[in-house]
Amino acid sequence: MSLLQDAKNWVRSRSIHVAYVDVGSCNGCDIEILACLAPRYDIEQYGIYVHNNPREADILLVVGAMTPPWVERLPALWAKIPAPKAAIAIGNCPVSGCVYNRRETYILGPVAKYIPIAAEVPGCPPRPTEILSAVLAVAPTVFRDYEVNRS
Amino acid sequence: MVQSIFWYLKEFLRGPWIHAFLFAKTAPLVTPSYFREYPSLTEKECTHCFTCRMICPAPGAIEVLQEGGTWHPVIHRGHCLRCGLCVEACPEGVLASGRILQWQEEDRTSFAATFHIQVDHATCMRCGNCCVSCPVNKEQDPQMASGGHSANNEVIMKISSGRHTVIHEERCVGCRTCEGACPNSAIRVARVVEGLQGVAEG
Ligand code: SF4
Ligand code: SF4
Ligand code: SF4
Ligand code: SF4
């Protein structure tokens, strides 16, 4: 058990697959996530890979203020991700709706109302380092000894 | 041919190259000191003038609260954009972030603002919440209770003869507390803000 678990822990610590979904952002946070992929921040050196396929993902990055079309689709997308999984809210929008959350707008936030959010990275937009450290901080708490903790 | 293969292998079999290829890491990522972080408090005293609340573009990002007899601004993460406008607008230098205060001193920038209170009398139900919540009203007439009636004519606005009446629009500081207190979204405070450069603050 424990040897297998150790192997799983080691593999999972170096292989975190990320998908991201934009539920109504201005693209500011998307650009910061993109910057994580570029050589300056280079998330692959930490063993984080962007796939954008929920069925292959471990972590879902949610970007943007919750807009009406996503109310049904976001939980459906979340259901497609195999366990163990975690969702991280990137930026102010999924947390509070940010500047869009005013009268006469169609913001139905926060995103935590629709899917469980493991971590929130505030900022408009957050720095790539903040996104990176959030993913690295969430991953061990969710994935390490997952099978042991579940039973 | 053979020689070039030899040179090729020799080039790639260098220890430092192999090490760099396998264990490359970017330098530890540190936030530079000039990064415009969430505004932090300096030692200066807050006079609860609400200029920071007036200028803030993000709903719910900043509040000015009284605790233990002293006032201080509170910034809410998840709402604040880190735009730094509150830092720039505060006349007392209570807030600091990145190099904003330094630039402000160099460029002598400031803001001049006027406010216009607009009430939609078709949706206003004369509850007086706006008048009671207004911090300027509170200073002028601490007795004003629910209903928003007042014998005092120095207040910004009150409910008078069953109607919302604006008396001293020029006293408004644009904090928009009244907007948040209105149950019908009937009151709006338009802020007309002008950025000034090279003019002494005042
Ligand atoms: S602008 Fe400055 S002095 Fe005025 S309430 Fe805000 S922090 Fe206090
Ligand atoms: S930095 Fe900008 S968004 Fe944040 S509290 Fe100040 S004015 Fe508001
Ligand atoms: S914005 Fe509203 S609450 Fe603030 S000073 Fe003006 S009238 Fe009063
Ligand atoms: S809070 Fe709104 S409804 Fe009540 S008196 Fe003021 S404007 Fe009218």
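Assorted remarks:
Quick grid of which residues meet (1) out of contact with any Asp or Glu (no Cβ under 7 Å at 6 or more places or on another chain); (2) away from every other protein chain (no Cβ under 14 Å); (3) without any contact (Cβ under 8 Å) to a residue 12 or more places away in the chain; (4) loosely packed, with under 13 Cβ neighbours inside 10 Å:
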position: B:I159; (1), (2), (3), (4): yes, yes, no, no
position: B:R163; (1), (2), (3), (4): yes, yes, no, yes
position: B:I167; (1), (2), (3), (4): yes, yes, no, no
position: B:V189; (1), (2), (3), (4): no, no, no, no
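- Residue count for segment B:25-69, restricted to those that are aliphatic (A, V, I, L, M) and loosely packed, with under 10 Cβ neighbours inside 10 Å: 2
- If you check B:F23, B:F12 for being of a type in the set (A, V, I, L, M, F, W, C) and within 14 Å of chain A (Cβ to nearest Cβ), only one passes: B:F23.
- Close pairs (6 angstrom Cβ cut-off, 6 or more residues apart or separate chains): closer than 13 Å to A:K113 by Cα in segment A:50-77, aromatic (F, W, Y) and assigned to a helix (DSSP H, G or I) anywhere: A:A65/A:Y100
- When the helices (runs of 4 or more DSSP H) confined to segment B:76-137 are screened for residues that are in contact (Cβ under 8 Å) with a residue 60 or more places away in the chain and open to solvent by less than 30 Å² (accessible area, probe 1.4 Å), those reaching at least 1 such residues are found at B:100-107.
- Filter result for the condition that a residue is more than 14 Å from chain B (Cβ to nearest Cβ), among the small types (G, A, S) and in a loop (DSSP other than H, G, I, E, B), over A:A65, A:A83, A:A76: A:A83
- Entry remark, segment A:86-138: residues being at the interface with chain B (Cβ under 10 Å from one of its Cβ atoms) and either part of a helix (DSSP H, G or I) or of a type in the set (S, T, N, Q) (or both) number 14 in total.
- In segment B:169-187, of all residues being outside any loop (DSSP other than H, G, I, E, B) and open to solvent by 50 Å² or more (accessible area, probe 1.4 Å), the one that is farthest from B:F111 (Cα to Cα) corresponds to B:G180.
- Test: residue in segment A:1-23 that is open to solvent by 40 Å² or more (accessible area, probe 1.4 Å), within 15 Å of the chain's Cα centre (by Cα) and among the β-branched types (V, I, T): no
The values are calculated or read from the model by the stated rules, or taken from the named source; none is laboratory data. Please read these numbers as outputs of a predicted model, since none were measured by experiment. Because the Cβ atoms are built from the backbone with ideal geometry, glycine has one as well, and the counts that use them run over all protein chains shown. Note: areas computed on protein heavy atoms with side chains; ligands, DNA, RNA excluded. Shrake-Rupley method; radii C 1.70, N 1.55, O 1.52, S 1.80 Å.
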